[in-house]
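Written below as structure tokens is the structure these notes are about.
The values are calculated or read from the model by the stated rules, or taken from the named source; none is laboratory data. These numbers come from a predicted model, not from an experiment. Cβ coordinates were reconstructed from backbone atoms using ideal geometry, including for glycine residues, and neighbour counts include every protein chain displayed. Only protein heavy atoms, including side chains, enter the accessible area calculation; ligands, DNA and RNA are left aside. Shrake-Rupley method; radii C 1.70, N 1.55, O 1.52, S 1.80 Å.
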Amino acid sequence: MLQAIVFDFDGTILETEGPDYRSWQEIFDAHGGELTLDVWIQCVGGAPAGFDPFAILKEQTGVVLDRPAVHQARRKRVVELIEQQPPMPGVEALISSAQQAGIGLAVASSSPRVWVEGNLKRLGLRQHFQAVRTADDVERVKPDPALYRLAAAALGSPPEYTLAIEDSRTGMLAAKGAGLHCVVVPNSVTQFSDFSQADLRLASLADLTPAELFARFRIGK
């Protein structure tokens, strides 16, 4: 019997991947460059150390940007775009139904705690999660499985009885590496990634009722 659900945050609970990508696209467009989706996908779910959009833009156009100034302006733009977003479809219904069924809830995110906690509170969702584990809690973020191991342990749920909800390949690999079952709901940025290791792929969490999802994974039986 599955006992717990661990949600990713960015792109799973809240659409943040699209606004993040759009903000960089706007910068590249303004300077005559192009940030393609296949390049951006490298950084989704935890950017590798070698990913440097400033270097990519310089290679394409010769333009050298003021990094601190761009980072400041881009952060403001991303927040503007994200604050327009409601929780992803199906998220609130799944949270509510899981609570009614006595299923533990946690968040495992590669983002900083201040970002995750702040947005969960703004959305009115923070109180529903018994545990939130973020980049502040581990040495290595996803695809390392540490975040999911910590989240499952915080809920007192063995990994094999825990379900992860993810939107990225790196997140899926982290969840599977930790021994969790994994439902993948790709967003507009991650939809072309390889999710062959996922236990279930959905276009939206709203595509199944919580009861149907629970039955699929024998949750609550």
For region 164-175, check the following and say yes or no: at least one residue is more than 16 Å from the chain's Cα centre (by Cα), among the polar types (S, T, N, Q) and farther than 17 Å from residue 104 by Cβ. no
Spot the failing condition for residue 206; the list is (1) outside any loop (DSSP other than H, G, I, E, B); (2) within 22 Å of residue 157 (Cβ to Cβ), and only one is missed. (2)
Can you tell me which residues in region 203-212 are closer than 21 Å to residue 14 by Cβ and either open to solvent by 20 Å² or more (accessible area, probe 1.4 Å) or at pLDDT below 95 (or both)? 203, 204, 206, 207, 208, 210
Can you tell me which residue among 135, 73 is surrounded by 12 or more Cβ atoms within 10 Å (Cβ to Cβ), among the hydrophobic types (A, V, I, L, M, F, W, C) and under 30 Å from residue 163 (Cα atoms)? 135
Tell me which residues, restricted to region 79-91, are open to solvent by 40 Å² or more (accessible area, probe 1.4 Å), touching a strand residue (DSSP E or B) at 6+ places or on another chain (Cβ under 8 Å) and hydrophobic (A, V, I, L, M, F, W, C). 88
Assigned to a loop (DSSP other than H, G, I, E, B) and either under 15 Å from residue 93 (Cβ atoms) or in contact (Cβ under 8 Å) with a residue 12 or more places away in the chain (or both): does that describe residue 211? no
Could you tell me how many of the residues in region 165-208 are of a type in the set (D, E, K, R) and touching a residue at least 60 places away in the same chain (Cβ under 8 Å)? 4
Would you call residue 184 closer than 23 Å to residue 2 by Cα, touching a strand residue (DSSP E or B) at 6+ places or on another chain (Cβ under 8 Å) and of a type outside the set (Asp, Glu)? yes
In the list 94, 147, 120, 105, which residue meets the criterion of being open to solvent by less than 20 Å² (accessible area, probe 1.4 Å), assigned to a strand (DSSP E or B) and modelled with pLDDT of 95 or more? 105
Kindly provide the set of residues from region 34-70 that are at pLDDT 90 or above, surrounded by 11 or more Cβ atoms within 10 Å (Cβ to Cβ) and of a type in the set (Gly, Ala, Ser), ordered by number. 55
